[in-house]
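Each value in this text was obtained by applying a stated rule to the coordinates, not by laboratory testing. Computed from a predicted structure; not experimentally measured. Cβ sites come from the backbone with ideal geometry, for glycine too, and all protein chains shown count toward neighbours.
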Amino acid sequence: MARNRAIGIDGTLPWHLPDDLAHFKDTTWGHAIIMGRHTFESLPHGALPGRRNIVVSTTLSSLPGCEVCASLDEALGICAQDVEKGSREEVFIIGGAALYKAALPLAKRMYMTLVDQEPTNADTFFPEFDTGQWRETEHEQHKGFAFTLWTLKK
């Protein structure tokens with residue numbers, strides 16, 4: 001997310017940060033990732049390997065390498081069933097903006113890369129959230145960006 005909360009321009013990231021892509025892969029590997037259809041369509045090679053790909057779509061019923069759910073609640077429900085069966089899988093919402101907005105009230109943690117940019121032509125933004133309800137518990141500074149972890153205050 002950029003300083004102005006920008007996360008996208010014309011269906012792509014406003015920046016290319018190889019370290020961020022590697023961090024995303026390391027963080028989400030072996031876990032469920034839930035994304036909207038547009039986010040799935042923005043992936044250059046389709047479903048991301050090493051992760052359970054779940055796409056929320058009201059217009060599609062199947063996608064190669066993915067489970068398709070009609071709603072965020074349905075997607076979270078199938079993940080919850082796995083937890084009941086003993087899975088310790090963490091669930092990551094990876095975009096887009098509407099899915100972030102819907103999931104934010106349910107989240108307990110946010111893994112966020114904060115990018116030291118302010119793209120003026122961005123058309124997709126991370127939803128506003130009350131920073132008073134969250135605390136930054138991890139911060140790893142890099143040149144031009146930082147990996148952060150935000151935890152919901154109890």
For Lys25, counting only aspartates and glutamates whose alpha-carbon sits under 20 Å away and dropping same-chain residues fewer than eight positions off, the answer is Glu41, Glu67, Glu89, Glu90, Glu138, Glu140
On the formula 1/(1 + (r/R0)^6), with r taken between the Cβ atoms of Ser62 and Leu106 and R0 of 35 Å, the FRET efficiency rounded to 0.05 is 0.85
With bins of 10 Å, the percent of all Cα-Cα pairs of the chain per bin from 0 is 10, 39, 39, 11, 0
With x for Gly and Pro, the residue-by-residue ³J(HN,Hα) of the range 22-33, computed from phi through the Karplus equation 6.51 cos²θ - 1.76 cosθ + 1.60 at θ = phi - 60° and given in whole Hz, is 5, 5, 4, 4, 4, 6, 9, 4, x, 10, 7, 10
Residues other than Leu104 with Cβ under 13 Å of its Cβ, Lys/Arg counted +1 and Asp/Glu -1, net out at +2
Counting only residues 5 or more apart in sequence or on a different chain, those whose built amide H sits under 5 Å from that of Gly96 are Gly36, Thr39
Toy charge model, Lys and Arg Cβ at +1, Asp and Glu Cβ at -1: the chain dipole around Cα centroid in debye, rounded to 20, equals 280 debye
Residues whose built amide H sits under 5 Å from the amide H of Cys69, excluding neighbours closer than 5 in sequence, are Val55, Val56, Ser57
For the chain, whose charge dipole is built from +1 on Lys and Arg Cβ atoms and -1 on Asp and Glu Cβ atoms, the candidate among Met110, His142, Leu63 with its Cα farthest towards the positive end is Met110
Across 5 Å bins beginning at 0, the whole-percent shares of Cα-Cα pair distances in the range 1-76 come to 3, 15, 22, 24, 20, 12, 3, 0
